[in-house]
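Report on the structure given below.
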Amino acid sequence: MTNKFKSVPVKSSEITPYSQYLSRRDFLKAAGIVTGSALLAACAPSVTETAAPAAEAPVVSPGLTDELGDPANTFQDITNYNNYYEFTTDKEGVAKLAPKFNPSPWTVEVNGLVNKPMTFGMDDLLSKFTQEERIYRLRCVEAWSMVIPWTGFTLASLLKEVEPTSDAKYVRFESVLRPEEMPGQKSPFYPWPYQEGLRLDEAMNDLTLLATGLYGEPMPNQNGAPIRLVVPWKYGFKSIKAITKIELVAEQPSTLWNDVGPNEYGFYSNVNPEVSHPRWSQASERRIGELGRRQTLKFNGYGEQVAYLYEGMDLSVNY
Ligand SMILES: Nc1nc2c(c(=O)[nH]1)N[C@H]1C(S)=C(S)[C@@H](COP(=O)(O)O)O[C@H]1N2
Ligand SMILES: [Mo]
């Protein structure tokens, strides 16, 4: 697969706090590494030259755009409007509860149908795998969306290390279970821990990211610290946060939302404006920070990279 996102490989030693993020981008430009957004920054009013380095989290986005030219949401929006039911179902309340959660130390177990089961610490993951910057749209099944500048590495690169056997057909993911730090996990209405799954070929697609940060900062707690999945062509709930286990399996795994509402949340859950949710249309969406609505794009605009995965499948049946 060619990657038209011109991701810039970033060494983990170069993953900087946001206060240094803008100058890191200048460094990349000076080094002759041209990103789509760096090109744009060259002809936009330059935040880097006018703004004092931010001591705290930034309030404005520094001119980053996705490959369609749409601006990244602000750090403020991305970290204050979250779905994270382990904390609360209130999207604007997650950020207040998230500081209680301690994401370090952390390990991710990768096992199941593999030749080399492994357990990784976060330092292993950050040093072993090339960290890249990927600016992706995130489209929630509730019909709102954002553009988020993630850093992370491909799930494919991790899976290659553990060597899935020929019996492995799906990947199952599990989130952390810590009711003492995550008050929403005391709710009996959801089958904790959160779990998700992908077909192995979806998991191996170059777009599928294990994200370890955003805006050049380590992943904020409310966005799934210290490591979460990002599957940009699927509804947001497939992008499971705070992953502790990755298991290669033979059968389609169960997923939290499919267990809770099988008619509403299918295993595939590809973004599809033509297939309505039973309670609302998926034809349009509200981009956080914008007035009005936008047309929803099939596969969230990533069809060129992923449509081949579903050839011959009826996506209204396999929703
Ligand atoms: N463990 C876990 N992962 C999760 C969720 C959750 O409640 N728990 N919510 C999902 C939903 S519905 C969405 S839209 C995205 C939101 O990601 P964000 O808060 O980083 O924007 O996370 C997904 N991953
Ligand atoms: Mo969502």
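Values computed for the structure shown
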| quantity | calculated |
| --- | --- |
| Any hit, region 248-267, residues being within 16 Å of ligand 2 (Cβ to nearest atom) and touching a Leu at 6+ places or on another chain (Cβ under 7 Å) | no |
| From Val271, Val260, residue being in contact (Cβ under 8 Å) with a residue 40 or more places away in the chain, β-branched (Val, Ile, Thr) and crowded, with 24+ Cβ neighbours inside 10 Å | Val271 |
| Tally, over region 189-226, of residues that are assigned to a strand (DSSP E or B), near ligand 1 (Cβ under 9 Å from one of its atoms) and over 14 Å from Gln131 (Cα atoms) | 2 |
| Answer residue from region 112-131, given it is under 13 Å from Leu209 (Cβ atoms) and surrounded by fewer than 20 Cβ atoms within 10 Å (Cβ to Cβ) and is farthest from ligand 2 (Cβ to nearest atom) among those | Thr130 |
| Failed criterion for Glu251 (all others in (1) under 14 Å from Gly197 (Cβ atoms); (2) out of contact with any Pro (no Cβ under 7 Å at 6 or more places or on another chain); (3) buried (at least 16 other Cβ atoms within 10 Å of the Cβ) hold) | (3) |
| Options Ser104, Ser127: the member that is away from ligand 1 (no atom under 16 Å from the Cβ), more than 19 Å from the chain's Cα centre (by Cα), touching a residue at least 12 places away in the same chain (Cβ under 8 Å) and not in a loop (DSSP other than H, G, I, E, B) | Ser127 |
| Region 232-252, residues that are within 13 Å of ligand 1 (Cβ to nearest atom) and assigned to a strand (DSSP E or B) | Lys234, Ile243, Thr244, Lys245 |
| Filter result for Leu138 (under 20 Å from the mean Cα position of the chain (by Cα), away from ligand 2 (no atom under 16 Å from the Cβ), buried (at least 17 other Cβ atoms within 10 Å of the Cβ) and on the phi < 0 side of the Ramachandran plot) | no |
| Residue match in region 160-177 (condition: within 17 Å of the chain's Cα centre (by Cα) and within 16 Å of ligand 2 (Cβ to nearest atom)) | yes |
| Selected residue [among the hydroxyl-bearing types (Ser, Thr, Tyr), in contact (Cβ under 8 Å) with a residue 12 or more places away in the chain and closer than 22 Å to Asp206 by Cβ] from Thr79, Thr151 | Thr151 |
| Gln305 being polar (S, T, N, Q) and either within 16 Å of ligand 1 (Cβ to nearest atom) or within 18 Å of the chain's Cα centre (by Cα) (or both) | yes |
| Enumeration of residues in region 274-309 that are surrounded by fewer than 19 Cβ atoms within 10 Å (Cβ to Cβ) and part of a helix (DSSP H, G or I) | Lys298, Gly303, Glu304, Ala307, Tyr308, Leu309 |
| Condition met for Leu229 (in a strand (DSSP E or B), within 14 Å of ligand 2 (Cβ to nearest atom) and either buried (at least 16 other Cβ atoms within 10 Å of the Cβ) or at pLDDT 95 or above (or both)) | yes |
| Subset of region 232-247 (residues that are within 13 Å of ligand 2 (Cβ to nearest atom), out of contact with any Gly (no Cβ under 9 Å at 6 or more places or on another chain) and not aromatic (Phe, Trp, Tyr)) | Lys234, Gly236 |
| Conditions (1) among the hydrophobic types (A, V, I, L, M, F, W, C); (2) in contact (Cβ under 8 Å) with a residue 40 or more places away in the chain; (3) more than 23 Å from Glu109 (Cα to Cα): number failed by Ala283 | (2) |
| Scan of region 141-167 for residues that are of a type in the set (Ser, Thr, Tyr), more than 14 Å from ligand 1 (Cβ to nearest atom) and crowded, with 17+ Cβ neighbours inside 10 Å, ordered by number | Thr154 |
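The values are calculated or read from the model by the stated rules, or taken from the named source; none is laboratory data. This is a predicted model, so every value here is computed, not measured. With ideal geometry, Cβ positions are generated from the backbone for all residues, glycine too; neighbour counts draw on all protein chains shown.
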